[in-house]
Amino acid sequence: MNGHVMVVANGIYKYFGEFCALRDVSLEVRKGEVLSIIGPSGSGKSTLLRCINQLERADKGAIWIDGELAGYRRSGDALHELSDKEIARQRVPIGMVFQRFNLFGHMTALENIVEGPVTVLGKPKSEATEEAMALLDRVGLAAKHGSYPAQLSGGQQQRVAIARCLAMHPKLILFDEPTSALDPELVGDVLAVMRDLAQTGMTMLVVTHELGFAREVCNKVIFMDNGAIVESGPPQEVLVRPQHPRTRDFIAAVLT
């Protein structure tokens, strides 16, 4: 880890009609850090990730990824919205792993991983295939390279989704509750892959209810409620000695 800042969010607000999903959210994540975002359903966790990845546009505030202003181009004192094509370019180095695995059902595990590098990055198919096999081996699924998503367990599909994400060589990965749709006995294999990523220095923002993972792997934890960051700090503070009553109540409920 170094002093390089990878993500800055400053004063983010997001509305869906009258509903304020994010209110004055600010955070900073340095290169190589793993940030865990916890909180009850509907607290704004997933919306925050979607704003960082520009799947949603913030109504107020600004986000910078690796020093580049997301979604806008500054010209003097004026800001101009980027085109869809420019936003797609900004999104390429940001990986996102969803709760539902979003694999292409008509493609094998290998083909799912090869598709992005070939069509988006312009890699030769032979090179992309060789790298995809190495990534499948890394997530423990080399033997499943010819299997279709319907032939894989949920945990295996999620590991393929992570390998697909890594094939794009992201500098940042956003995980949106990556284990919440899995049977309990399948969670460990996915968390093991994420632990490995953290140890290799990947910058990660992880929305999760897996408090053990957050305590062991993350550098920083933020607790969100009602669209706002209520408490933030090192895992030993937020998860072990929370200061805010709402944080204490949430952690107690998750652990019971």
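Computed from the coordinates by the stated procedures, all read-outs in this text should not be read as laboratory data. In this text the structure is predicted, and so the values were computed from the model without any measurement. In this analysis, Cβ positions are derived from the backbone assuming ideal geometry, glycine residues included, and neighbour counts consider all displayed protein chains.
Summary table below
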read-out	value
Prolate/oblate/rounded label for the stretch 85-158 (Cα gyration tensor, a/c 1.5)	oblate
Over the stretch 1-100, relative contact order from alpha-carbon pairs under 8 Å, at least 6 apart, %	27
Estimated [θ] at 222 nm from DSSP helical runs (n ≥ 4, -39500 (n - 2.57)) normalised by residues in the chain, nearest 500	-10500 deg cm²/dmol
Global geometry of the chain, whether rounded, prolate or oblate, following the gyration tensor of its Cα atoms and the 1.5 cut on a/c	oblate
The stretch 118-246: relative contact order as a whole-number percent, Cα under 8 Å and 6+ apart	17
For peptides 99-105, 155-161, sequence by mean Cβ density within 10 Å, most packed first	155-161, 99-105
Ordering of 74-81, 226-233, 108-115, 205-212 by burial proxy (mean other Cβ atoms within 10 Å per residue, highest first)	108-115, 205-212, 226-233, 74-81
Candidate lysines for bridging to LYS14, where Cα separation is under 17 Å - those fewer than 8 sequence places away on the same chain excluded	LYS45, LYS60
Mean separation of Cα contacts under 8 Å (6+ apart) over length of the stretch 97-157, as relative contact order %	44
Helix runs (DSSP H) in the chain reaching 27 Å along axis by Cα, Kyte-Doolittle at least -1.0	none
Cα gyration tensor shape for the stretch 1-115, rounded if a/c is under 1.5, else prolate or oblate	rounded
Reachable lysines, given that their alpha-carbon falls under 18 Å from the alpha-carbon of LYS31 and they are not under 8 places away in the same chain	LYS171, LYS220
